[in-house]
1. At 4 °C and a viscosity of 1.567 mPa s, what translational diffusion coefficient does Stokes-Einstein give for the stretch 75-216, taking Rh as the Kirkwood radius over Cα pairs? Give it in µm²/s as a whole number.
2. Per residue, how big is the convex hull of the stretch 380-441 when only Cα atoms are used? Give it in Å³.
3. Once phi is turned into ³J(HN,Hα) by the Karplus curve 6.51 cos²θ - 1.76 cosθ + 1.60 with θ = phi - 60°, what whole-Hz value does each residue of the stretch 511-521 show in order, with x for glycine and proline?
4. Using the Cα atoms of the stretch 291-347 to build a convex hull, what is its mean projected area in square nanometres?
5. For residue 350 and residue 312 in one chain, what is 0.36 nm times their gap in residues minus the Cα-Cα distance, to one decimal in nm?
6. For the chain, what is the calculated [θ] at 222 nm in deg cm²/dmol (nearest 500), taking -39500 (n - 2.57) for each run of four or more DSSP H residues and dividing by its residue count?
7. Please compute P(r) over all alpha-carbon pairs of the chain, binned at 20 Å starting from zero, and give each bin as a whole-number percent.
8. Can you give me the Cα centroid spacing of the stretch 257-277 and the stretch 32-99 in angstrom?
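The values are calculated or read from the model by the stated rules, or taken from the named source; none is laboratory data. Since the model is a prediction, treat every value here as computed from it, not as a measurement. Glycine gets a Cβ as well: all are built from the backbone with ideal geometry, and neighbour counts include every protein chain shown. The area values use the complete protein model at the heavy-atom level, side chains included, leaving out ligands, DNA and RNA. Shrake-Rupley method; radii C 1.70, N 1.55, O 1.52, S 1.80 Å.
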Amino acid sequence: MGPARGPHAMKLHYAIRPANAGAHLFHVTVTVGRPSAEGQLFMLPAWIPGSYMIREFARNIVQVAALAGDERVPVEKLDKHTWRVPALGDFEGPLTLVYEVYAWDASVRAALLDTTLGFFNATSVFLLPLGWEDARVEVDILPPEGDYAAGWRVATGLAPARGTKRHAFGTYTARDYDELIDCPVLMGELALARFDVLGTPHEIVIAGRVPDLDLERLSADLARVCAQQIELFEPATRRAPFARYTFLTLAVGEGYGGLEHRNSTALICKRDDLPYRGMADTTEGYRRFLGLASHEYFHAWNVKRIRPAAFVPYALERENYTRLLWLFEGFTSYYDDLLLARAGLITRPQYFGLLARNFNEVLAASGRRKQSLTESSFDAWIKYYRQDENSPNAIVSYYQKGALVALALDLAIRVRSGGKRSLDDLMRLLWARYTEAGEDYAGVHEEEIGELITEATGVVLDDELAAWTEGTADPDFGALLAPFGLLFTTKPLRESAARALLGLKLAPGAEPRIAQVFDGGAAQAAGLSAGDLLVALDGLRITSASLDAMLHRRRPGQRVEVLAFRRDQLLPFELTLIDSAPPQVELAAADKPTGKAKKLLERWLS
Ligand code: ZN
């Protein structure tokens, strides 16, 4: 059932107002010019693209009413996220749904409103009238009711309509619903800076108080990493795939995350991670922020435009299964830090340190032997996104191991092509496939990655690809890094005695409660479990603060008795201590690399 003809009837109209900041409520209307004669359905997405979990945003929709012209008409619920206004005889329109949305999710995935800021994704607030997927969209973003918002501005990837100034409340437009849900909106007292990258306007926008924020440095650093990315994908034209780009940022006390969009990203970070005037170094927190921004920006090509076939188009009411998140998230994770190094924002030793940390985090958990990257991608909806105490023993991260596989592929391609080709060539081929296909783009298929690598680079890596992504093998990084003059070494390291000798992790806090029990450790062998509260070791009281010191005095092979509460029952456990800490990886440049190695390293990192 399509919408009525005619330019006005084709338009889908929304209005949203922060109506009650104290109760965290947006007031929303959606109006269709002419409702379906069989009864008009309205649905809200169950998930937001980029975050692979069913979130059932419809649970935050409150008090839905329908108006045919000015007259109230019935509206009924069909399933958890679909409403229906029954057929209205010869009523031609317009039909409006009026409702409230509860917005109190301090993440970049949903909606948030209080007296300091407002933020929303359309997937949380705008019901889609079925049959109107392709209609042009107009959104009135209305100012809050209340004095607190006198200085508020609006930032979004949506285009302002004629008569609305950028960053002002007013009317914004989207080509269709798909574009609408890809343009989150941030409002509040915003710190804002504009910068150009190779001729394309960009802006960084920050909500939340950040004392002495150094916007000039932030803009300059972001511009460098953005330029690296545009030049990677479009070395000839140096053209960005969007007309402008916005980094929307929520600065908070504690928080970290980002969500990618086609011409913007929504980021949440610690305010302390952002640079302040006079800050001399790149702090670990600021590097983390730049890495996050770099990651989400890379997604503007890799996953927002180059997509897995399963996302063409997105099905918003259910899970969209793909076995390729190791490519779309893993490769993006590989390039996010690599491009900071290429942009000169981190030093080479810093970059090697980040790689070593990723090696160690992947190697630390036995789950990588039980789940492949393709399985991890496929089950993201129920496993990676819904982690529990057993996750380290059961799953592998398609981000972290995916990034290591990207590294391995890149190194192998560089060596086997004599330094002439790299993973960058694969990214450019994927990008060319997208730009050449236009409206006919069908996405990337799981089985074609090996062929695409060969087409882009002339190198055949089918067997390695199968072993690393469909199987659970680890690339041989010592051998892969050696031609670049890099030493990959492992050594035993006890970062925590409890982790090493008991094979468990405590929950944060003063109470020594077990958060996770690792495969192959003493705790698991003795039957200790997540949730158990440790009480005593060999008759002495265990506290979170004392456990490591108690274990430092002991050696593998020794037997100890542990008392622990399981639920409310005190149980004894006999443990034989085992050193189960994985070896720690270090990565460093060799003292005297060959000329060939130096050349390979230069090409890779600059
Ligand atoms: Zn990502």
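1. D = 75 µm²/s.
2. In the stretch 380-441, the Cα hull volume divided by residue count equals 109 Å³.
3. Working through the residues one at a time gives 7, x, 9, 6, 8, 9, 10, 9, 3, x, x Hz.
4. 4.2
5. 9.9 nm
6. Estimated from H runs of four or more residues: -7500 deg cm²/dmol.
7. Using 20 Å bins, I get a P(r) of 18, 46, 31, 5, 0 for the chain.
8. With the stretch 257-277 and the stretch 32-99 each reduced to a Cα centre, they are spaced 33 Å.
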